[in-house]
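Heads up, the thing below is written out as structure tokens.
The values are calculated or read from the model by the stated rules, or taken from the named source; none is laboratory data. This one's a predicted model, so the numbers in the text were calculated from it and none came from an experiment. Don't worry about glycine lacking a Cβ; one is built from the backbone with ideal geometry, like all the others, and counts go over all protein chains shown.
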Amino acid sequence: MKLAVFVSDFKLDVDTLDRLKADKLGIILVQNGVYHATLKENGAASSLLKKSATFYALKDDIETRGLGSAAVDGSVKTVSYGDIVDLIFNDYDKIAWL
Amino acid sequence: MADIKLAFLIQRPPYKSENPKLGLTHAISYQTVEILLEDGETVTPTVCVVGEGVLGCVKDQKAMELYGITSTEMHVKSCLLVDLDVLVCKEDLARFGISEDMMPDAEDMGADKTIQVVPYAEIQKVIENANHVLFF
């Protein structure tokens with residue numbers, strides 16, 4: 001299964017993401033989820049980024065929060081809304097929103 | 001003569017929920033309350049930004065350009081413009097790697113006040129001295 005998961009919170013209060021298994025896993029960081037890509041809490045990158053997945057972060061939501069591309073972790077690709085549409089239609093079979 | 005002290009604690013991230021902006025709006029609106037007060041009575045609000053709330057104290061937020069909504073940054077600047085004390089927790093800023101040069105001021109709007117970065121102990125004192133503490 002090719003699964004794309006939207007993460008829209010900074011602090012996750014569910015462990016669903018840890019349980020989801022996929023042959024190809026994409027994690028799309030949107031809304032407050034973009035903080036996973038941009039913040040280093042106490043100097044450490046988000047533990048979410050340790051997962052075996054391809055990471056994307058929505059540029060508009062990064063910039064809305066006063067952050068820029070320079071703040072984005074090297075393991076995360078910055079994407080536009082158009083890019084996300086392409087990911088949904090071309091790269092993943094199923095979509096989940098956490 | 002009575003002075004009612006209010007502490008507005010902003011503790012949530014700046015977007016997704018309207019909650020933090022609502023707290024700031026309530027703090028700003030203290031001036032309208034004065035018409036309901038007796039002579040000699042005053043209300044003194046203080047905005048305290050803690051936890052993930054400090055993420056709203058980053059300048060150059062593009063909420064208006066990208067989503068057509070007022071930014072949390074603009075709410076913070078409006079607080080400064082109406083001479084509110086805005087205290088931001090030093091420890092939480094350090095936790096999230098936000099330096100003081102990343103924070104906004106409202107000089108362009110003509111505000112005299114600036115954000116005050118203070119240790120949490122100082123925010124604790126504001127809470128203890130407040131007649132009412134409101135969490136957002």
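Some observations on this one:
- Selection from region B:7-40 of residues that are touching a residue at least 60 places away in the same chain (Cβ under 8 Å) and small (Gly, Ala, Ser): B:ALA7, B:GLY23
- Taking the criterion of being part of a helix (DSSP H, G or I) and among the charged types (D, E, K, R), the residues of region B:78-136 that qualify are B:LYS90, B:GLU91, B:ASP92, B:ARG95, B:GLU100, B:ASP101, B:GLU107, B:ASP108, B:GLU122, B:LYS125, B:GLU128.
- Within this structure, A:LEU49 fails the test of being at pLDDT below 90 and within 30 Å of B:ASP101 (Cα to Cα).
- Considering only residues in region A:7-47 that are buried (at least 19 other Cβ atoms within 10 Å of the Cβ) and away from chain B (no Cβ under 14 Å), the one that is farthest from B:TYR15 (Cα to Cα) turns out to be A:LEU25.
- Residue check for A:LEU48: in contact (Cβ under 8 Å) with a residue 60 or more places away in the chain and not in a loop (DSSP other than H, G, I, E, B): no
- Taking residues in region A:19-32 that are touching a residue at least 60 places away in the same chain (Cβ under 8 Å), and partners anywhere that are small (Gly, Ala, Ser), the pairs with Cβ atoms closer than 8 Å and at least 6 places apart or on different chains are A:LEU20/A:ALA96; A:GLY26/A:ALA4; A:GLY26/A:ALA53.
- Residue that is farthest from the other protein chains (Cβ to nearest Cβ) [pool: residues in region B:7-42 that are surrounded by 18 or more Cβ atoms within 10 Å (Cβ to Cβ) and farther than 30 Å from A:VAL7 by Cβ]: B:ALA7
- Summed over region A:62-80, residues that are at the interface with chain B (Cβ under 10 Å from one of its Cβ atoms), out of contact with any Phe, Trp or Tyr (no Cβ under 8 Å at 6 or more places or on another chain) and assigned to a helix (DSSP H, G or I) total 3.
- Of all residues in region A:81-94, those satisfying the criterion of being exposed (fewer than 15 other Cβ atoms within 10 Å of the Cβ) and not in a helix (DSSP H, G or I) are A:ASP93, A:LYS94.
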